[in-house]
Amino acid sequence: MRSWSGFLAGLLGAGAIAACLSAPAQAADKDEAELAKYYATVDVWHFPVDYMVAYNNQDVIVTRELSAKPEPAGKLCYIRFDFVSGQGDYAYGFKPAELGGPHKNTEWGVFVHKRGTVINQLRSALKLNVIYFYVDGLKPEYKDAPDICAQKQSADTPEAGHGYKAREWSDLVVRGKLIHGWPGQGPH
């Protein structure tokens, strides 16, 4: 017969193993880990984008400005665009210079356009997650370092929002609410 202390030790050990195995995969996210080197706290929020247009569906041209509620303690550091899938004619990111550049660095847009003719209309689709990184408490050893947030956001990549290729942009800004945590984890 097993003792209660042995049973509890086994149960606690199993709980610790389960906790380790269920830890979010995003804890190893490269951007979150990099920002954690510079800041005491990194708070992650997200917004899912999922549009499909075909046949009689209308094209999607939308500019968004999202906010976190309740507001995080820190400042918005970096907005990252995690592309999931796309088909046809689509674009996403910040307003490019040839269209007049951004009004604000927190406004980003998507464009999904149906293709083809009236007789042969082809669908276009875009699915991505927009990840917002809020930071607080710059570590003292990095107080004289260049602004890591500005460096990350200004990278010339679609992930940093600089891949918008469409020739159209909506100047009507749709405001909305972010979801706390990583995609797939549910709200916190």
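Size estimate for the range 29-180 follows the Kirkwood approach: the inverse of mean 1/r over distinct Cα pairs works out to 16.6 Å.
Determine, at each q value in 0.26, 0.28, 0.31 (inverse angstroms), the log₁₀ of I(q)/I(0) that the Debye formula gives when each Cα of the range 87-138 is one equal point scatterer. Evaluating at q = 0.26, 0.28, 0.31 Å⁻¹ gives log10 I(q)/I(0) of -1.02, -1.07, -1.15.
Counted by Cβ distance under 15 Å from Q58, the other residues give a net charge of 0, where Lys and Arg count +1 and Asp and Glu count -1. Among the listed pairs K37/K75; K104/K143; K37/K127, a Cα-Cα separation exceeding 20 Å is found for K104/K143; K37/K127.
Local charge sum around F133 (other residues, Cβ-Cβ under 14 Å, Lys/Arg +1, Asp/Glu -1)? Once positives and negatives cancel, what remains is -4. The T41 and I61 beta-carbon pair, evaluated with R₀ = 41 Å, returns a calculated FRET efficiency of approximately 0.70. Provide the gained length on full extension for the span E159 to K104, in nm with one decimal, where the gain is 0.36 nm per separating residue minus the Cα-Cα distance. Going from the current span to full extension adds 18.0 nm. A simple spin-label model places pseudo-atoms 7 Å from Cα toward Cβ; at V173 and L138 they are separated by 2.5 nm. Can you give me the C-alpha center-to-center distance between the range 28-63 and the range 99-158, rounded to a whole angstrom? Distance between centres, Cα-based: 8 Å. Measuring nothing but how far apart in sequence close Cα pairs (under 8 Å, 6+ apart) lie, relative to its length, the range 29-180 scores a relative contact order of 41 percent.
Tell me the chymotrypsin sites (Phe, Trp or Tyr not before Pro) within the range 38-140 that lie in a loop according to DSSP and have at most 14 other beta-carbon atoms within 10 Å. Listed in order of number, the matching sites are Y55.
No value in this document is a laboratory result; all are computed from the given coordinates. Keep in mind that what you see is a predicted model, and the values were worked out from it rather than measured. Every residue, glycine among them, receives a Cβ derived from its backbone with ideal geometry; neighbour counts consider all protein chains shown.
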